[in-house]
1. If each of Glu16 and Ser2 carries a label point 7 Å out from its Cα toward its Cβ, how far apart are those two points in nm?
2. Between Arg9 and Val98, what FRET efficiency follows from the Cβ-Cβ distance if R0 is 25 Å, with the result rounded to 0.05?
3. Taking other Cβ within 10 Å of each residue's Cβ, how do Ile56, Ile10 sort, fewest first?
4. Using every Cα-Cα pair within region 12-87, state what percent have a distance larger than 20 Å.
5. Can you list the HN-Hα couplings for region 38-48, worked out from phi with the Karplus curve (6.51, -1.76, 1.60; θ = phi - 60°), rounded to whole Hz and with x for Gly and Pro?
6. Under a 5 Å amide H to amide H cut-off, with H placed in plane at 1.01 Å, what residues pair with Gly45 once short-range neighbours are removed?
7. Find how much the distance from Lys110 to Arg23 grows on full extension, using 0.36 nm per residue of separation minus their present alpha carbon separation; answer in nm with one decimal.
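Where a number appears in this text, it was derived from the coordinates with a stated rule and is not lab data. Since the structure is predicted, the reported quantities are computational estimates derived from the model, not experimental observations. Cβ coordinates were reconstructed from backbone atoms using ideal geometry, including for glycine residues, and neighbour counts include every protein chain displayed.
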Amino acid sequence: MSEPDAFDRILESLHEATLDDGRWPTTSGLIDDVLRAKGNSLVFGAGRPGDDAVRIFYAGFFYRGQRHREWEREYFSVYYPEDERVERVRRLPDSQPVPTTDLYTNSELKTFPAYATPTPNRGWPACPCTTLARSSWTTRSTRAGNGPA
């Protein structure tokens, strides 16, 4: 498949998944295949930079097109409260892709458990977001809402 064809397939799948949550696993699997990714996560929320509370409307952690709700629960209950990149994502310019690792300092990459923990867990590190963080890009988009998220 050519690069433009792959992009068109991903874009079409994203549009379909926007209207039907049940299509996100298929979209995720396609993204993994085309980008040769190890998995991906998708999070939609609202709140302005500096707000104490962010409302999460949707969060999905996927590996090879399979959603893993236990990884979502683990991330949001254990790692999310301490994840330095959350506030940094909220300050990114709209629609600018950034390697996820660029959202951490070198020191944070060595110490943040969701990134640094190497213990295997069913083929994934102890926190599955480790592999997602190491192989992913982050993009902030305000196009779907009424202001910065």
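1. With each label point 7 Å from Cα toward Cβ, the separation is 2.2 nm.
2. Between Arg9 and Val98 the formula returns 0.60.
3. Values: Ile56 13, Ile10 16.
Sorted ascending by nearby Cβ count, the order is Ile56, Ile10.
4. In whole percent, the long-distance tail amounts to 37.
5. Result, rounded to whole Hz: 9, x, 7, 10, 10, 9, 10, x, 9, x, 9.
6. Here Phe57 satisfy the definition.
7. Extending this stretch completely gives an extra 27.8 nm.
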